[in-house]
Structures are given as C-alpha cells and as structure tokens.
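See structure below.
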Amino acid sequence: MYHIIINPASKSGNGLSIWKTLEPILSERNISYHTYISTHIGHVSELVRDITSSAPDGAPPLNLILLGGDGTVNEALQGIEDFNRVNIGYIPTGSSNDLARALKLHHDPVELMSQILDGSKLRMIDLGILTYETDTKIMSRLHKNPEHTSRYFIVSSGIGFDAAVCEEALSSPIKNTLNRLKLGKLTYLGIALKQLITARPVSCHIYLDGKDSVTVPRFLFSAFMIHPYEGGGFRFCPQADNRDGLLDLCVVGNLPKLLILLALPTAFFGRHYIFPQINHYRASSIRIKTSVPLWVHTDGEVYLKSDRISISCLKQRVRFLV
C-alpha cells in the first residue's frame, strides 16, 4: 500500500496534472494506493500525522510518496512522530527542488515513480532540527505557541539574508509567472539583490558544538546545510554530506555590499569562498544569537523572526526512497 500526498498548488498549479500522468502507472501494475490532496498551509502535516498514527504497532514501515516541492517535504516531516516507521518517496514538482537536485533524482516524474515502485534503494539521510529560543512573551505576541517552537528540516535552514529572501519570495506576485516561464530562479535572484541593498548591520555570535565560538560584527546571514544546495541551486556548502551527522555552515559577514553582489552569482558554482569573510564551518550542534531578531527559514519555509536559535543534526534519521 502506498499513501500518496499531492500538493496541487506546486509547479504553479500543475501539481495535480502531473499526478494524472502518474496514476495510470499504479493502476497498470495493480498496486494498492490511497491519494490525499492538500488544500491549505499545514494540511500536509495534518495528513501525514493521521496516516502515520493509524499504523499498528509492530507493522512494517509504511510507504509515503510526496508530490510537491521542498516545502511540501518540510511540511510532511513535521507530521512524523517516529521516522523509523515511514519510507518517504519524493516526486519533485516545486520551483526550487534543491532536495531532488542534491539526491540526483530523475527529472522525469514518470521515470521517478517507476523507480520507486520497482523497489528503489532505501537511503538513510540526515535530519535537521531547529529550535527558536525567543522569549515566550514575544512568542505570545506573535501568536505562536512557545511549546511548538521546533521544526525539522531536510535540505537547509538559515537566519538573516537568505531567510528574508525566502520570506519575500513566498508572497511574491511574480513567482508563479516566472515559474511558468521556467525562470523561477530569477525570483530569488531579484529579491536577493533587493534584500542585500536594504540590509542593515547586525552583530552575531555563533557557538559550535558547545565550545568553539565565532563572532561576526557585521553579520549578513548563515545557512545550515544538510545538502549542498538551497534557494533554487545556490551551492552554499559544496562539501555537505547528507549522511555524516554534521551541519555545514556558510557564514557571511564583514563584506562590502559591492563584493557580496559579485560573490552571489559565484555561489551557483560553489566558488564563493574565494571572497574574504565568507567562511565555512562544520558542527553537529549550533547556537546563534543576533543583536536583533532576524527572519529564520527551514527548507525555505518562513514563520517568524528570532534573535536566538539552536540547530542540530540527527544522523541518518530519515528513510528515503531514491
């Protein structure tokens, strides 16, 4: 039995039509499946929670296939209580698809679905968890429940500039238009240039594995990467290994805006570390404190600003069908 969740809004509203090209494959093979259509933000988490909680104790891991973008996968993760009881298959139909890029998934949804059904390999990959440590009074003012301030991520997380870009892109009126023209990367690039110009100086303290500390007087952003890519192909951490139990950090600060403008395009090729004050670190757990609250993202999903966060990596926690 396969449980298949479809985000119809993905691929500029073409997610459902992509599913219609895949459904005959299951019917022809006489494979049992059940489909679920997400209808609102947070619905994927609700569906996954209901599906996984109904599995009896001692049963083999259930098979869950997701049709959507990186954000759909991120939502699904929030609904899983026991990752040992779920095998995740993924048909990318989003705009950035950084997870599919990192895992080298087939570009053709039909071929990819066939691979999954043919008994594709099970790969154990790392899972990140981010916890907001913002004061509970601030959380209440933001209408956020302080008891639910941790989120999983499977591609990357970040604070500062990259999260601000994600936050604006999520509400950008031109994103769908550019996606239809297969120019979705321009959404992120254009917003990135705007955010860069308007960014204000912020100081930051980063603590690695509870011992080493890094101080950045003029902090722009830090990305915490499980995979090499984020933001539609920016290769912020080319060395990132999704099975080593470590987070790779790209920390940017103390760099003139003109140089950052020059460095940004080189990040598509992972060559940005040739610029001064763009630094790489690696740790299994990280704490960050900034002088003012900044936007925070998990897999490109943005919920609130924070001035204190902690991030850790759970080694090979997710059962992924590739």
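Below, the figures for the structure above:
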read-out: From ILE80, ILE65, ILE91, residue being hydrophobic (A, V, I, L, M, F, W, C), touching a His at 6+ places or on another chain (Cβ under 8 Å) and either buried (at least 21 other Cβ atoms within 10 Å of the Cβ) or closer than 22 Å to VAL302 by Cβ (or both); value: ILE65
read-out: Complete set of residues in the range 255-310 that are open to solvent by 20 Å² or more (accessible area, probe 1.4 Å), acidic (Asp, Glu) and under 26 Å from SER96 (Cα atoms); value: GLU301
read-out: Search result, residues across the range 26-43 that are in contact with a Leu (Cβ under 8 Å, 6 or more places away or on another chain) and closer than 16 Å to HIS3 by Cβ; value: LEU26, ILE31, TYR33, TYR36, ILE37, SER38
read-out: Enumeration of residues in the range 10-38 that are free of Cβ contacts under 8 Å to residues at least 24 places away in the same chain and either surrounded by 12 or more Cβ atoms within 10 Å (Cβ to Cβ) or among the aliphatic types (A, V, I, L, M) (or both); value: LEU16, GLU23
read-out: Selected residue (criterion: nearest to the chain's Cα centre (by Cα)) from residues of the range 260-313 that are more than 23 Å from LYS211 (Cβ to Cβ) and among the acidic types (Asp, Glu); value: ASP299
read-out: Residue that is nearest to LYS305 (Cα to Cα), among those in the range 197-241 that are of a type in the set (Phe, Trp, Tyr) and open to solvent by 20 Å² or more (accessible area, probe 1.4 Å); value: TYR207
read-out: Test: LEU105 is surrounded by 18 or more Cβ atoms within 10 Å (Cβ to Cβ), touching a Ser or Thr at 6+ places or on another chain (Cβ under 6 Å) and modelled with pLDDT of 90 or more; value: no
read-out: Output for the range 214-249, where each listed residue is over 23 Å from LYS315 (Cα atoms) and assigned to a strand (DSSP E or B); value: VAL214, THR215, VAL216, PHE219, LEU220, PHE221, PHE234
read-out: Top-ranked residue in the range 39-62 [being of a type in the set (A, V, I, L, M) and either in contact (Cβ under 8 Å) with a residue 40 or more places away in the chain or in contact with an Asp or Glu (Cβ under 6 Å, 6 or more places away or on another chain) (or both); ranked as farthest from LEU77 (Cα to Cα)]; value: LEU62
read-out: Only listed residue being under 20 Å from GLU301 (Cα atoms) and assigned to a helix (DSSP H, G or I), chosen from GLU46, GLU23; value: GLU46
read-out: First in the range 234-250 and of a type in the set (Lys, Arg), second anywhere and open to solvent by less than 10 Å² (accessible area, probe 1.4 Å) and at pLDDT 95 or above, Cβ under 7 Å, 6 or more apart; value: ARG243/ILE125; ARG243/ASP126
read-out: Of all residues making up the range 108-148, the number that are in contact with a helix residue (DSSP H, G or I) (Cβ under 6 Å, 6 or more places away or on another chain) and either open to solvent by less than 40 Å² (accessible area, probe 1.4 Å) or modelled with pLDDT of 90 or more (or both); value: 2
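The values are calculated or read from the model by the stated rules, or taken from the named source; none is laboratory data. This is a predicted model, so every value here is computed, not measured. Counting neighbours? That spans all protein chains shown, and the Cβs are built from the backbone with ideal geometry, glycine included. Surface areas here come from the heavy atoms of the whole protein model, side chains and all, with no ligands, DNA or RNA. Shrake-Rupley method; radii C 1.70, N 1.55, O 1.52, S 1.80 Å.
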